[in-house]
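Where a number appears in this text, it was derived from the coordinates with a stated rule and is not lab data. Since the model is a prediction, treat every value here as computed from it, not as a measurement. For neighbour counting, all protein chains shown are included, and Cβ atoms are generated from backbone atoms with ideal geometry for every residue, glycine included.
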């Protein structure tokens, strides 16, 4: 993958995790920047274009055929997220939503 015409190739990180027999492969370009902030009443996910593509890719992996309920990916400060970010967990949940009562 290249970042543009005449540019050097963009380095990428790939992580493969086995969950209940399903191999999940998460990837992101090294120029991806994702920051997650907790503002009390809301969470802000701020990312550059490469970071947004990475998040979209992570969600598509979790939405894939054969991925079990409960499969998840932890993104943390200095592990997929910018320094100072709060942790973010992307999790597949095929069950019903929380009880509104």
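Assign one of three labels to region 51-101, namely rounded, prolate or oblate, based on the Cα gyration tensor with a ≥ b ≥ c the square roots of its eigenvalues; rounded applies when a/c is under 1.5, prolate when it is not and a/b is larger than b/c, and oblate otherwise. Could the numbers behind the result be given before it?
Numbers: a/c = 2.60, a/b = 1.45, b/c = 1.80.
The shape class here is oblate.
Using 0.36 nm times the number of residues separating residue 83 and residue 53, minus their current alpha carbon distance, what extension gain do you get? Before the final figure, lay out the partial values.
Numbers: separation 30, 0.36 × 30 = 10.80 nm, distance 1.94 nm.
The span from residue 83 to residue 53 would gain 8.9 nm if fully extended.
Sort 48-55, 61-68, 89-96 for me by packing, meaning the mean count of neighbouring Cβ atoms within 10 Å per residue, highest on top. Could the numbers behind the result be given before it?
Working: 48-55: 17.1, 61-68: 13.0, 89-96: 11.1.
Those peptides, ordered most packed to least, come out 48-55, 61-68, 89-96.
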**Request:** Figure the gain on full extension for residue 63 and residue 25 (residue separation times 0.36 nm, minus the Cα-Cα span) and round it to one decimal in nm.
**Result:** 12.5 nm
**Message:** Treating region 12-91 as a set of equal point scatterers at the Cα positions, no solvent, please give the Debye-formula log₁₀ I(q)/I(0) at q = 0.13 Å⁻¹.
**Reply:** -0.40
**Asked** Could you give the nm distance between label points at residue 90 and residue 74, where each point is 7 Å from its Cα heading toward the beta carbon?
**Response** 1.7 nm
